[in-house]
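Just below is one structure, and these are the notes that go with it.
The values are calculated or read from the model by the stated rules, or taken from the named source; none is laboratory data. No experiment lies behind these values; they were computed from the predicted model shown. Every residue, glycine among them, receives a Cβ derived from its backbone with ideal geometry; neighbour counts consider all protein chains shown.
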Amino acid sequence: MTDQPRSLTVELGDRSYPIYIGSGLLSRTDLLRRHIPSRQVMVVSNETVAPLYLEKLQAGLGGLLVETVILPDGEAHKQLSVWNRIFDALLQQRFDRRCTILALGGGVVGDMAGFAAACYQRGVHYAQVPTSLLAQVDSSVGGKTGVNHPLGKNMIGAFHQPLCVIADTDTLDTLPDRELAAGLAEVIKYGLINDQAFFEWLECEMEHLRERRPEALAYAIERSCADKAAVVAADEREAGQRALLNLGHTFGHAIETGMGYGVWLHGEAVGAGMCMAARMSQELGWLSHQDLRRVEGVIARAGLPTAPPKEVTPQRFLELMAVDKKVLDGRLRLVLLQGIGNALVTGEFATVALEATLHG
């Protein structure tokens, strides 16, 4: 039975859009159809998700000209050569600039489909239908799109907002435990950066989330999306406050790039990266030892690593972090904690604290 979805809005003036969260939403074709402005629809999915959910999505798009492009699954394929297959499909089917691209999948599919939509004929419509927890709480919301480069993660991309986000929580039933845990990293992030009450809720409910209890998951997704929507509305293009959403990501992206894309899942790297940011904050005297233990404890209970891989040496970390998008005028900036629920972006930190963190 399909429940009435939870909904909220990302407020961006005339580019505002809704996020729908709930069970059975892939069958609620009225939700998606009301946001598709033209007849041509290109569904972008991958080899894992398409066999599970593509037919259900297509069933609700009768009367439209629907084509599909199926990409290989995994972060290792989030690259320009694979991304180009979307353009091949659009051009072969003679899609025009009024077409709509639908992203059906996790964060990799959403990022690549959104970036294609930003570039095809200088910008076409797209909508997000995220099927992983990480995509539902983070990557599908906010308009960040892109692909990886061998020298740095997400270094090629664009800001391009979707028409809507439809997060069907039923799709999480088929999500592997490791992928669920990876999504929880981004959920924890929201509590740490500006929502202490949510962090405390996560400390109480983490086991229920890992057991996939529907009400707990729906609440966590809604609260995460609300927290992100508020930040994006205030700073769409990351001129200031939005950079807080990268807590743990500078360390985490270095882990992903250093290990090879896909060896560590994005959420696993972010989990370890948030612990590194917390330890560095404690080194600087900004975070108490007790709060550091709380951060490490909730991340461990989510099933995530709390320390980086030994294969990425301190020197390699510094090399990779030097090409992070938050580097300005040659100065590395990091998202650090002055308490749980109180993050800041700063380049003003003692180098010795960073060195101590990297040397463990």
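Residue check: is Val108 aliphatic (A, V, I, L, M), closer than 16 Å to Cys225 by Cβ and either assigned to a strand (DSSP E or B) or modelled with pLDDT of 95 or more (or both)? Write out each step before concluding.
Details: aliphatic (A, V, I, L, M): yes; closer than 16 Å to Cys225 by Cβ: no; either assigned to a strand (DSSP E or B) or modelled with pLDDT of 95 or more (or both): yes.
The answer is no for Val108.
Screening region 197-237 for residues that are free of Cβ contacts under 8 Å to residues at least 24 places away in the same chain and not in a helix (DSSP H, G or I) and picking the one that is nearest to Glu11 (Cα to Cα) gives Asp235.
Once region 247-263 is narrowed to residues that are in contact with an Asp or Glu (Cβ under 6 Å, 6 or more places away or on another chain) and within 18 Å of Asp324 (Cβ to Cβ), the residue that is surrounded by the fewest Cβ atoms within 10 Å (Cβ to Cβ) is Tyr261. The set of residues in region 298-320 being farther than 30 Å from Glu207 by Cβ and either modelled with pLDDT under 90 or touching a Leu at 6+ places or on another chain (Cβ under 6 Å) (or both) consists of Pro314, Phe317. Would you call Glu283 on the phi < 0 side of the Ramachandran plot and at pLDDT 95 or above? So Glu283 passes the test. Scanning region 307-323 for residues that are in a loop (DSSP other than H, G, I, E, B) and in contact (Cβ under 8 Å) with a residue 60 or more places away in the chain yields one hit, Val323. Within region 111-128, if we keep just the residues that are over 18 Å from the mean Cα position of the chain (by Cα) and of a type in the set (A, V, I, L, M, F, W, C), the residue that is farthest from Lys78 (Cα to Cα) turns out to be Val124.
For region 269-286, state whether one or more residues are in contact with a Gly (Cβ under 9 Å, 6 or more places away or on another chain), touching a residue at least 24 places away in the same chain (Cβ under 8 Å), part of a loop (DSSP other than H, G, I, E, B) and not assigned by TED's automatic domain parsing to the domain that holds Lys78. Scanning region 269-286, I find at least one residue that is in contact with a Gly (Cβ under 9 Å, 6 or more places away or on another chain), touching a residue at least 24 places away in the same chain (Cβ under 8 Å), part of a loop (DSSP other than H, G, I, E, B) and not assigned by TED's automatic domain parsing to the domain that holds Lys78, so the answer is yes.
Does at least one position in region 80-91 carry a residue that is in a loop (DSSP other than H, G, I, E, B), surrounded by fewer than 19 Cβ atoms within 10 Å (Cβ to Cβ) and either of a type outside the set (Lys, Arg) or in contact (Cβ under 8 Å) with a residue 60 or more places away in the chain (or both)?
As a first pass, look at region 80-91 and keep what is in a loop (DSSP other than H, G, I, E, B): none.
The answer is no; no qualifying residue exists.
When you go through Glu236, Glu256 one by one, which is the residue that is within 29 Å of Thr145 (Cα to Cα), assigned by TED's automatic domain parsing to the domain that holds Met206, touching a Leu at 6+ places or on another chain (Cβ under 8 Å) and not hydrophobic (A, V, I, L, M, F, W, C)? Steps first, please.
Numbers: Glu256 fails: touching a Leu at 6+ places or on another chain (Cβ under 8 Å).
Being within 29 Å of Thr145 (Cα to Cα), assigned by TED's automatic domain parsing to the domain that holds Met206, touching a Leu at 6+ places or on another chain (Cβ under 8 Å) and not hydrophobic (A, V, I, L, M, F, W, C) holds for just one of Glu236, Glu256, which is Glu236.
Taking the criterion of being farther than 22 Å from Ala167 by Cα and out of contact with any Asp or Glu (no Cβ under 9 Å at 6 or more places or on another chain), the residues of region 100-130 that qualify are Cys119, Tyr120, Arg122, Gly123.
For region 164-181, which positions are hydroxyl-bearing (Ser, Thr, Tyr) and either closer than 30 Å to Arg15 by Cβ or within 15 Å of the chain's Cα centre (by Cα) (or both)? Matches in region 164-181: Thr169, Thr171.
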